[in-house]
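Below is one structure, written out as structure tokens; the observations come after it.
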């Protein structure tokens, strides 16, 4: 199973749409968003036609939690917002995700997860804490680093960084 991991959209609708279209084209049916989608309209415009499941957590600049949650519940039934952190089992992997790196390190340190995803720094990053992979997919807003996201394959346990401007 392949999972797309995105973070820090910061209202950059063209970038989010480009990433989501590429993800759909690759037949990836699960997206994890690690926070800072920002405006509720971004959720509506970019994920309303996504045929798979989309999971979200709040970041530090997601202002209107109520509207984001309402849109996901009423308009995008395949989307779920977890709040500050999320936990899933996908493809036989125990996965946690959140926005903040220190929180992610704490989750990884528990030894309960195979992989923990996070955002906030905008910088793609990968490290191991014990047996847990700790991953930041970068950002979709394109600042200050190039816009990027990650694709994780649960079967091969491989992670690929995708730089938005290099997608075909």
Would you give the gap between the C-alpha center of segment 138-168 and the C-alpha center of segment 1-72, rounded to a whole Å? 14
Selected from 50, 149, 66 as most flexible by GNM, with the chain as the system and alpha-carbon contacts under 10 Å: 66
Approximate spin-label separation residue 131-residue 11, in nm, with each point projected 7 Å along Cα-to-Cβ: 4.5
On Cα atoms only, tilt of 13-25 relative to the major axis of the chain in degrees: 60
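Please give the calculated 222 nm ellipticity per residue for the chain, where each DSSP H segment of at least 4 residues contributes -39500 (n - 2.57) and the sum is spread over every residue; nearest 500 deg cm²/dmol?
Numbers: 4 runs with 40 residues, N = 168.
Roughly -7000 deg cm²/dmol at 222 nm, from the helical runs in the chain.
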Please report 167, 90, 107 as a ranked list, fewest other C-beta atoms within 10 angstrom at the top and most at the bottom. 167, 90, 107
Taking the chain as a Gaussian network, where each spring joins two C-alpha atoms under 10 Å apart, which residue of 83, 92, 35 fluctuates the most? 92
Cα long-axis angle, helix 65-74 against the chain (0 to 90 degrees, to the nearest 10): 80
How fast does segment 34-121 diffuse by Stokes-Einstein, in µm²/s, taking the Kirkwood radius from C-alpha pairs at 25 °C and 0.890 mPa s? 183
Could you tell me which label, among (1) 39, 35, 31; (2) 43, 39, 26; (3) 44, 35, 28, carries the value of Cα extents along the principal axes in Å calculated for this structure? (1)
Two pseudo-spin positions, 7 Å from Cα along C-beta at residue 105 and at residue 64, lie apart in nanometres by 3.5
Could I have the simple spin-label model distance between residue 44 and residue 168, label points 7 Å from Cα toward Cβ, reported in nm to one decimal? 3.7
Tell me, what is the FRET efficiency for residue 153 and residue 87 to the nearest 0.05, using R0 = 22 angstrom and their Cβ-Cβ distance as r? 0.65
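Rule-based calculations on the coordinates, nothing more; no lab input. The structure displayed is predicted, hence computed values, not measured ones. Positions of Cβ are backbone-derived with ideal geometry, glycine not excepted, and every protein chain shown enters the neighbour counts.
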